[in-house]
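Undergrad: I have a structure here, written as structure tokens, and I will follow up with some questions on it.
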Amino acid sequence: MALLAGCGAAGPLSALDPAGPGAAPIARVWWAMFWGGMALLVFMTALGLYAALRRPQGTPRVSERAFVLWGGLALPGVVLVALLLWGVRAGHALLPLPGQAPVFTVEVTGRQWQWEVAYPAHPAARTAVNRIDIPAGQPVDVRVRTADVIHGFWIPRLGGKIDAIPGRSNVIRLQADAPGIYRGVCAEYCGTGHARMPIEVHAHAPSALQAALGGSAP
Ligand SMILES: [Cu+2]
């Protein structure tokens, strides 16, 4: 955390400051891409300098064809396939797969320009706007819909983005490891009020959730 703060990666909307099992793999992929990109930048800069400064003598030790095959096809091919597989695996943590029951469920509807929140298992809970209350330390399925245009639901410290698409109900599984407030935003430009669509996830100790939701127990 201190290291993150030192390099500006910590913060309420930072995907590099993960607070749950859905966000941690995404942050790892990001850092691998960052350091891998840095390594390639150094390597390519060194190659460029070598090419610019050397004095060619005789026939080259590596043919142009080999450069294209290994540097232009094999290297990016291996890197992109590895990143694809790793990224798919990171995204897997956000899928609402069976076997983790019971899962707390929240319904979130995007509307120009706010998020409406309902709790299907807690019909007596007060309806909320731009705020979700969840239990900490357990998986939560967020069913994301829209009442008008496409919006993007994103709580960076808890997981990746999922779009709210007209006519569809998309589900993302999030978890906050500890009680706290986790901020989010609309991540898909949805009109002139797009920047005014923040949302907050308030994660509570399970014993305090009912009081936070209001209403009576189901
Ligand atoms: Cu929006």
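The values are calculated or read from the model by the stated rules, or taken from the named source; none is laboratory data. Source: prediction; values computed, not measured. Here the Cβ positions follow ideal geometry from the backbone for every residue, glycine too, while neighbour counts run over all protein chains shown.
Undergrad: Please specify each residue of the stretch 198-207 satisfying the condition of being touching a residue at least 24 places away in the same chain (Cβ under 8 Å) and away from the ligand (no atom under 16 Å from the Cβ). Full working, then the answer.
TA: Initially, the stretch 198-207 is screened for residues touching a residue at least 24 places away in the same chain (Cβ under 8 Å), giving 198-206.
Answer for the stretch 198-207, where residues must be touching a residue at least 24 places away in the same chain (Cβ under 8 Å) and away from the ligand (no atom under 16 Å from the Cβ): Val201, His202, Ala203, His204, Ala205, Pro206.
Undergrad: Could you tell me which of the residues Pro56, Pro18 is without any contact (Cβ under 8 Å) to a residue 40 or more places away in the chain and either in a loop (DSSP other than H, G, I, E, B) or closer than 30 Å to Ile134 by Cβ (or both)?
TA: The match here is Pro56.
Undergrad: Would you mind stating whether Trp35 is under 21 Å from the mean Cα position of the chain (by Cα) and either more than 25 Å from Ile172 (Cα to Cα) or touching a residue at least 60 places away in the same chain (Cβ under 8 Å) (or both)?
TA: Values: under 21 Å from the mean Cα position of the chain (by Cα): yes; either more than 25 Å from Ile172 (Cα to Cα) or touching a residue at least 60 places away in the same chain (Cβ under 8 Å) (or both): yes.
Criteria met by Trp35.
Undergrad: For Ala136, state whether it is within 16 Å of the ligand (Cβ to nearest atom) and under 26 Å from Asp17 (Cβ atoms). Quick ask: steps written out before the conclusion?
TA: Working: within 16 Å of the ligand (Cβ to nearest atom): no; under 26 Å from Asp17 (Cβ atoms): yes.
Answer is no for this residue.
Undergrad: Criterion first (touching a residue at least 60 places away in the same chain (Cβ under 8 Å), away from the ligand (no atom under 13 Å from the Cβ) and among the small types (Gly, Ala, Ser)) does Ala118 satisfy it?
TA: Working: touching a residue at least 60 places away in the same chain (Cβ under 8 Å): no; away from the ligand (no atom under 13 Å from the Cβ): yes; among the small types (Gly, Ala, Ser): yes.
Considered against the rule, which asks whether it is touching a residue at least 60 places away in the same chain (Cβ under 8 Å), away from the ligand (no atom under 13 Å from the Cβ) and among the small types (Gly, Ala, Ser), Ala118 comes out as no.
Undergrad: Tally up the residues in the stretch 40-58 that are within 29 Å of the chain's Cα centre (by Cα) and modelled with pLDDT of 95 or more, please. Working first, answer last.
TA: At the first step, the residues of the stretch 40-58 found to be within 29 Å of the chain's Cα centre (by Cα) are 40-42.
In the following step, the residues that additionally are modelled with pLDDT of 95 or more were identified as 41-42.
The qualifying residues number 2.
Undergrad: If you take the residues of the stretch 139-197 that are within 17 Å of the chain's Cα centre (by Cα), among the small types (Gly, Ala, Ser) and within 16 Å of the ligand (Cβ to nearest atom), which of them is farthest from Arg28 (Cα to Cα)?
TA: Filtering the stretch 139-197 for residues that are within 17 Å of the chain's Cα centre (by Cα), among the small types (Gly, Ala, Ser) and within 16 Å of the ligand (Cβ to nearest atom), the one farthest from Arg28 (Cα to Cα) comes out as Ala164.
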